[in-house]
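Inspection log for the structure reproduced underneath, given as structure tokens.
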Amino acid sequence: MSGTTRAYLRGESSPLAFHFCADCGCIAYWRAVAPHKGRRRIAVNLRLAEPEAVASITIDHLDGLESWRNIPRSGHSVGDMWF
């Protein structure tokens with residue numbers, strides 16, 4: 001992996017840019033094209049990281065269908081869900 005990514009936007013009005021590795025094609029992350037309330041949303045593909053580096057990260061869930069509000073934490077981490 002060279003460390004550089006290429007962005008893909010689905011159409012001109014796409015709210016998200018998907019960044020993928022130019023060598024292998026894996027999606028590394030997506031990022032909002034424009035800020036929302038002064039912040040830009042992003043999601044990182046943790047499956048590309050070493051397991052030890054991400055195992056203790058707490059999982060946050062949100063209601064992405066209706067309210068976009070956070071759902072109370074269950075206390076689970078990436079290690080609980082992945083390994």
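The values are calculated or read from the model by the stated rules, or taken from the named source; none is laboratory data. Treat the numbers as computed from the prediction; the structure is a model and nothing was measured. Don't worry about glycine lacking a Cβ; one is built from the backbone with ideal geometry, like all the others, and counts go over all protein chains shown.
Points worth noting:
- Residues within the stretch 71-81 that are under 20 Å from N45 (Cα atoms) and either surrounded by 11 or more Cβ atoms within 10 Å (Cβ to Cβ) or modelled with pLDDT of 85 or more (or both), tallied: 5
- Across the stretch 1-24, the number of residues qualifying as more than 16 Å from the chain's Cα centre (by Cα) and either part of a strand (DSSP E or B) or not β-branched (V, I, T) (or both) comes to 11.
- Test: residue in the stretch 31-52 that is touching a residue at least 24 places away in the same chain (Cβ under 8 Å), surrounded by 12 or more Cβ atoms within 10 Å (Cβ to Cβ) and β-branched (V, I, T): yes
- Any chance A34 is touching a Lys or Arg at 6+ places or on another chain (Cβ under 9 Å), at pLDDT 85 or above, outside any strand (DSSP E or B) and not hydroxyl-bearing (S, T, Y): yes
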